[in-house]
Amino acid sequence: VQLQASGGGLVQAGGSLRVSCAASKRTGSNNALGWFRQAPGKEREFVASIDWRGTVTQYADSVKGRFTISRDNAKNMVDLQMNNLKPEDSAVYYCAVSLYSGATSRLNSYRYWGQGTQVTVSS
């Protein structure tokens, strides 16, 4: 399975970006999907997860109310809409496929990882 993330870029604080992730084949349609991020010098952290049906989501407290995760199983894609971005949201964002069907924030529950896409928010 290969995951290709896209949509990152540079935006001013308060702006919006949408990052997307496409899977190479129909893997993950029965698995939860997630987004994580990693800033320089920091550990990779959970951002959002969505269950296999696309009906249950989880968010990190730091992004609740600003970010929305969604998936399209027919297209093998998962998106992360990011609104009201803050400088502290700057990081490389990674999409991932979980071993399990339920949404989860546990990093070690994820088996396949994309290459990451850079998001930079200027103040």
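Here Lys42 is the anchor, and the aspartates and glutamates within straight C-alpha reach of less than 20 Å, apart from those fewer than 8 places off in the same chain, are Asp61, Glu88, Asp89.
The length gained by stretching the chain between Arg66 and Glu45 to full extension, at 0.36 nm per residue less their Cα-Cα distance, is 5.9 nm. Potential lengthening of the chain between Gln4 and Ser105 amounts to 34.3 nm, from the contour at 0.36 nm per residue minus the alpha-carbon distance. Averaged over residues, the count of other Cβ atoms within 10 Å places the peptides 80-89, 37-46 in the sequence 80-89, 37-46, highest first.
Averaging 1/r over every pair of different alpha carbons in segment 5-123 and inverting the result gives a Kirkwood radius of 13.9 Å. In this Cβ point-charge picture (+1 for Lys and Arg, -1 for Asp and Glu), the chain has a dipole of about 280 debye about its Cα centre.
Only the coordinates and a few stated rules stand behind these numbers; no lab work does. The model shown is predicted, which means the values in this text are computed figures rather than measured ones. Every residue, glycine among them, receives a Cβ derived from its backbone with ideal geometry; neighbour counts consider all protein chains shown.
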